[in-house]
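Remarks on the structure that follows.
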Amino acid sequence: MAKMMSLDELQALREKVRASVDLREKGDKAEQLIVVRVAMATCGIAAGAREIMNYFSEEVRTRGLDQVLVTQGGCMGYCYAEPTVEITKPGEAPIVYGEVTKERAQVILEKYILGGELVDGIIPVSHQTLDE
C-alpha cells in the first residue's frame, strides 16, 4: 500500500470506503430505497460530478437518511447536461436532473427527494423503444 501523503488523500480514502460500505449494507434492499445515481463518466467528472457525489453522500450520512442510497453510474448519454443525477423512488420512473451544481443538489434533496416536489432541470425522456 502506498504511503499517505496528505490529509486530503486520507479523507478521500475514508469517503471511498464509507460509500462502498453503505452500498453493501443498503444494496440488498435498493428497490425499497430512494436511489440517487450520479453519472461519474469522464465527462461528468470533468463537469464537477465528484463534488455532487460527495455532497449527496455527506448529506445522506450526516442527516441519517437511511431511506436514501447514493451510488455512482456511468454515462447516461446526456454529456451536454453534465453533471447529471438520476433519482429513482420506489415504484416510480427515474427522473434525471441535468447541470446539477451543489446549490441545485441542495434544492433537489430538499424539495424532490425529501419533499416530493418536482424542481426545474429535469431532462425529459424523448426517446421511444422499437416496441412503442
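The values are calculated or read from the model by the stated rules, or taken from the named source; none is laboratory data. As the structure is a prediction and not an experimental result, all values here were calculated from the model. Every residue, glycine as well, gets a Cβ built from its backbone with ideal geometry; the counts of neighbours run over all protein chains shown. With ligands, DNA and RNA removed, areas are computed over all heavy atoms of the protein, side chains included. Shrake-Rupley method; radii C 1.70, N 1.55, O 1.52, S 1.80 Å.
The set of residues in segment 38-57 being more than 12 Å from Glu82 (Cβ to Cβ) and touching an Asp or Glu at 6+ places or on another chain (Cβ under 8 Å) consists of Asn54, Ser57.
Only a single criterion out of (1) within 23 Å of Leu13 (Cβ to Cβ); (2) modelled with pLDDT of 95 or more is not satisfied by Gly73, namely (2). For segment 4-47, the set of residues classified as at pLDDT 70 or above, in a helix (DSSP H, G or I), within 26 Å of Ile95 (Cβ to Cβ) and open to solvent by 60 Å² or more (accessible area, probe 1.4 Å) consists of Glu31, Gln32, Thr42, Ile45, Ala46, listed by residue number. Against the list (1) free of Cβ contacts under 8 Å to residues at least 24 places away in the same chain; (2) over 26 Å from Arg14 (Cβ atoms); (3) exposed (fewer than 14 other Cβ atoms within 10 Å of the Cβ), the condition Arg63 fails is (2).
Report the residue count in segment 78-101 for those that are loosely packed, with under 13 Cβ neighbours inside 10 Å and under 14 Å from Ile45 (Cα atoms).
Restricting attention to segment 78-101, the residues satisfying the condition of being loosely packed, with under 13 Cβ neighbours inside 10 Å are 80, 90-94.
Pick out the ones that are also under 14 Å from Ile45 (Cα atoms) and you get 80.
Count: 1.
Among the criteria (1) crowded, with 18+ Cβ neighbours inside 10 Å; (2) of a type in the set (A, V, I, L, M, F, W, C); (3) under 14 Å from the mean Cα position of the chain (by Cα), the one Cys75 does not fulfil is (1). Just one of the numbered conditions (1) among the aliphatic types (A, V, I, L, M); (2) in a helix (DSSP H, G or I); (3) out of contact with any Phe, Trp or Tyr (no Cβ under 8 Å at 6 or more places or on another chain) is not true of Val100: (2).
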